[in-house]
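Contents: one structure, followed by commentary.
Every read-out reported here was derived from the displayed coordinates using simple, explicitly stated rules and does not represent laboratory data. Quick caveat: nothing in here was measured; it's all calculated off a predicted structure. Here the Cβ is made from the backbone with ideal geometry for all residues, glycine too, and neighbour counts use every protein chain on show.
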Amino acid sequence: MKEVLISRVRSGLEGRPVVAKRMFGGLTFLLNGNMLCCVSDKGLMARVGAKAEPAALKRPYATPCLGAGRRMAGFILVNHDGVAGDADLKAWLRMALAYVEQLPPKAPKRSRSDRAKVLTIRK
């Protein structure tokens, strides 16, 4: 079920500069370095932003996202039934894109080896 949803999300984001990374126990999709959504065994975690969160929580199968037991503001967890139809998945992706496309791009993080080189150069 998770692999099918990953494929559907990839298709829904086709043509956008999205990077996928293993994070949060699933596959996380990032746009310009900012988290957009994540597919896991629980379903789809969508980043909709704090302003859109109340409306998003009124949608069927949507619950607040809990990270390490704490509520993650602006993130919604939609179980698999809530994204079973293409129209539902597209609606969640549109909501996440509307928020994340407004965020400034994040600079890529340097690897540990890159940081070690910088420290070595400064000595």
*asked:* To test your reading of the geometry: what angle, between 0 and 90 degrees and rounded to tens, separates the Cα axis of helix 86-100 from the longest principal axis of the chain?
replied: 40
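If we count every other residue with Cβ under 10 angstrom of Phe75's Cβ, Lys/Arg +1 and Asp/Glu -1, where does the sum land? Write down the numbers at each step before the final one.
Working: positive: Arg47, Arg71; negative: Glu53.
Residues near Phe75 contribute +1 overall.
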_Can you give me the angle between helix 2-12 and the longest principal axis of the chain, using Cα atoms only, in degrees from 0 to 90, rounded to the nearest 10?_
80
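Counting each DSSP H run of 4 or more residues in the chain as -39500 (n - 2.57), what helix-only mean residue ellipticity at 222 nm follows after dividing by all residues, to the nearest 500 deg cm²/dmol? Don't jump to the answer; show the numbers that get you there.
Details: 4 runs with 42 residues, N = 123.
Calculated at 222 nm, the ellipticity per residue is -10000 deg cm²/dmol.
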*asked:* Could you identify which residue out of Gly74, Gly85, Gly12 has the top mean-square fluctuation in a GNM of the chain using Cα springs shorter than 10 Å?
replied: Gly85
*Taking H as built 1.01 Å from N, whose amide H comes closer than 5 Å to the amide H of Phe24, not counting residues under 5 places away?*
none
